[in-house]
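Asks: Provided herewith is a single structure, encoded as structure tokens, for subsequent inquiry.
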Amino acid sequence: MSADGGSVVAGVLVVIGIHREELAFGREVLDGFDRGEIDVLEVPDGLSGRRPLPDECFRNRVVHRALYLQLLSQLGPAHRLLLDLHAGHDDRGPSADLLCASPRLRACLMHALESPATLAAGEALPSLREQVRIVALDAGQPLHARTVIPEAVWNNPRFAYLGVEVYLPDDAARRASAVLLARRIIHLAGCCA
């Protein structure tokens with residue numbers, strides 16, 4: 001069972017640790033799932049998440065690209081979703097940005113975010129719409145983003161890619177809410193995939 005009482009649909013590969021500073025957050029989020037609910041790929045020696053200096057930009061882009069291209073060999077035929085979990089910082093958090101090229105996945109997520117969830121005990125959870133923004137990874141949409149991630153990863157016909165950037169506050173109690181937010185997003189994305 002997932003953090004919000006439902007079981008996650010199989011076929012999801014969650015990647016944590018692309019940026020090494022985010023690995024602990026990823027582990028904390030994934031501790032809320034039972035073994036076998038989702039597949040996890042942990043990158044133990046990821047890239048630094050800090051902004052590279054001007055003379056480090058080229059090398060950083062090359063290594064970043066190579067790291068993401070290696071993910072392609074980790075996706076099996078049963079994987080329908082590659083969920084790339086990241087953590088940022090925002091004192092007003094928790095909140096999240098979901099980056100995705102698939103119009104079908106974006107539409108499903110939008111619908112799911114607007115619906116309140118119910119815990120197994122019957123307790124209602126509020127809609128996530130106020131906390132989560134969905135951003136397209138194609139330039140044809142009004143709200144879109146560009147990425148250094150290779151297009152072979154974020155726009156692949158074999159699987160959908162979802163980048164999840166969860167913004168963490170400094171406050172410990174609200175950080176726990178950010179972990180729960182990430183778990184709910186993983187659950188919703190798994191159901192949508």
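Asks: Can you give me the % of accessible surface on the chain that is carbon or sulfur? Probe 1.4 Å, all protein chains present, nothing else counted.
Replies: That fraction is 54 percent.
Asks: Can you list the cysteines of the chain that have no other Cys Cβ under 4.7 Å away?
Replies: Cysteines lacking a close Cβ partner in the chain: Cys57, Cys100, Cys191.
Asks: Using a Gaussian network model of the chain with C-alpha springs under 10 Å, which one of Val14, Val179, Val63 is most mobile by mean-square fluctuation?
Replies: Of the options given, Val63 has the highest mean-square fluctuation.
Asks: For the stretch 1-90, report the accessible area per residue in Å² (1.4 Å probe, heavy atoms, rounded to an integer).
Replies: Each residue of the stretch 1-90 exposes 54 Å² on average to a 1.4 Å probe.
Asks: For the pair Arg104/Ala24, report the inter-label distance in nm, with labels modelled 7 Å from Cα in the Cβ direction.
Replies: Distance between label points: 4.0 nm.
The values are calculated or read from the model by the stated rules, or taken from the named source; none is laboratory data. These numbers come from a predicted model, not from an experiment. Here the Cβ is made from the backbone with ideal geometry for all residues, glycine too, and neighbour counts use every protein chain on show. Each accessible area value is taken on the protein alone, full model and side chains, heavy atoms only, with ligands, DNA and RNA left out. Shrake-Rupley method; radii C 1.70, N 1.55, O 1.52, S 1.80 Å.
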